[in-house]
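For reference, the structure is listed below as structure tokens.
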Amino acid sequence: MTDNEKLSQLLFEDVNVTPEELEQKYPQRNLPDGARVTRFAPSPTGFLHIGGLFASMVAKLTADTTGGAFYLRIEDTDKTREVEGGIKFIVDGFKAFDINFDEGMIGDSDWSGDFGPYIQSKRLDIYKVYAKDMVAKGNAYPCFITEEELEEIRKKQEEMGVRTGYYGNWAKWRDASLEDIKKELETGKKFVIRLYSTGNIENSFKMNDLIKGNVTLRENDMDTVLLKSDGFPTYHFAHPIDDHLMQVTHITRGDEWFASLPLHVELFKKFGFELPQYCHFAPLMKLENEGKSKRKLSKRKDPEADMQYYIAHGYPK
Ligand code: GLU
């Protein structure tokens, strides 16, 4: 056993399934050639943005017109943002506009389809299987750094005029020995699991985004958090795992995720998953000053950002 394997066993001793065994549990989707599998993956924050409605219409149409599948997955890994009844709110919101999903959440805790659970808080055991495997392969590691230490690092980086963040030599726990980690674990200190990034910011690579076209990106080199100390995944960790296991072919999502694409590409590679097609939507803009300027439609400032507005004002579906 290598030290990394020993470490993975120490951190996840209750996990005794491999990613390969887990994958066997799901059927292969039996779809015609060229079929596209898409999803809408909102967080249950009690608000359905008109941009989300637009994005899901595109995802639904692209699945429907190719004989594929379109499903609803709830991304509830940030408990601080969650609103009670938020899932039902989303499900009912879509019903009100006659947008039907082929699979996924149908109520607060029920779903239909073979690839469930379609709600991330019920998938924590799945994320652990991949976290263990990543640690065993040296692709991830436990990090005990505190908020205060992170703040100190950031200050130093600013003083030195270098990029801020947890990467390379700044990443204190990246190459810690098994002994040092064991000592820290014994003190009962909280830890997160971070990616052991092997990217180099100096290297660029090309990709094709189906909306943006050909783009050139720089490799990721940040040791991003994958699992938080409460055992919940970050979006970055859950995205490749869920979309791979649910056999998504096209990721249609908001532009705000475009900057994280190099990280997601690195993760897909490290997991050994086939990369899906990415399609990043531009945000919906609002014209102002008689059309002379525009700004992003805002959840806070613009009542018409909320789908409820259209229902309340009697807009036809
Ligand atoms: N939960 C993410 C969001 O609401 C989903 C992004 C995605 O579609 O991958 O922005």
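Just a few scattered comments:
- Against the test of being over 30 Å from Ala35 (Cα atoms), surrounded by 14 or more Cβ atoms within 10 Å (Cβ to Cβ) and of a type in the set (Gly, Ala, Ser), the options Ala312, Ala305 yield a single qualifying residue, Ala305.
- A single member of Ala259, Ala176, Ala238 is assigned to a loop (DSSP other than H, G, I, E, B) and modelled with pLDDT of 95 or more, and it is Ala176.
- Thr2 vs. criteria among the hydroxyl-bearing types (Ser, Thr, Tyr), surrounded by 14 or more Cβ atoms within 10 Å (Cβ to Cβ) and more than 22 Å from Phe268 (Cα to Cα): no
- Failed item, numbered, when Phe70 is tested on (1) farther than 24 Å from Ile193 by Cβ; (2) free of Cβ contacts under 8 Å to residues at least 40 places away in the same chain; (3) out of contact with any Pro (no Cβ under 8 Å at 6 or more places or on another chain); (4) away from the ligand (no atom under 14 Å from the Cβ): (4)
- Which listed residue, of Thr249, Thr216, is of a type in the set (Val, Ile, Thr) and within 16 Å of the ligand (Cβ to nearest atom): Thr249
- So Asp243, is it buried (at least 19 other Cβ atoms within 10 Å of the Cβ), acidic (Asp, Glu) and either in contact (Cβ under 8 Å) with a residue 60 or more places away in the chain or out of contact with any Cys (no Cβ under 8 Å at 6 or more places or on another chain) (or both): yes
- Some residue of segment 112-126 being modelled with pLDDT under 95, out of contact with any His (no Cβ under 7 Å at 6 or more places or on another chain) and among the aromatic types (Phe, Trp, Tyr): no
- Subset of segment 191-229 [of a type in the set (Lys, Arg) and either surrounded by 12 or more Cβ atoms within 10 Å (Cβ to Cβ) or on the phi > 0 side of the Ramachandran plot (or both)]: Arg194, Lys212, Arg218, Lys228
- Scanning segment 151-167 for residues that are surrounded by 15 or more Cβ atoms within 10 Å (Cβ to Cβ) and in a helix (DSSP H, G or I) yields a total of 2.
- Of all residues in segment 28-46 being more than 9 Å from the ligand (Cβ to nearest atom) and either of a type in the set (Ser, Thr, Tyr) or buried (at least 19 other Cβ atoms within 10 Å of the Cβ) (or both), the one that is farthest from the chain's Cα centre (by Cα): Arg36
- Pair list, Cβ under 6 Å, 6 or more apart: segment 270-293 residue closer than 16 Å to Ala55 by Cβ, other residue hydroxyl-bearing (Ser, Thr, Tyr) and in a strand (DSSP E or B): Cys279/Thr252
- Taking the numbered list (1) within 12 Å of the ligand (Cβ to nearest atom); (2) more than 24 Å from Tyr310 (Cβ to Cβ); (3) surrounded by 22 or more Cβ atoms within 10 Å (Cβ to Cβ) in turn, Ser56 passes all entries but (2).
The values are calculated or read from the model by the stated rules, or taken from the named source; none is laboratory data. Bear in mind the structure is a predicted one, so any value in this text is a computation, not a measurement. Glycine also receives a Cβ, built like all others from the backbone with ideal geometry; neighbour counts cover every protein chain displayed.
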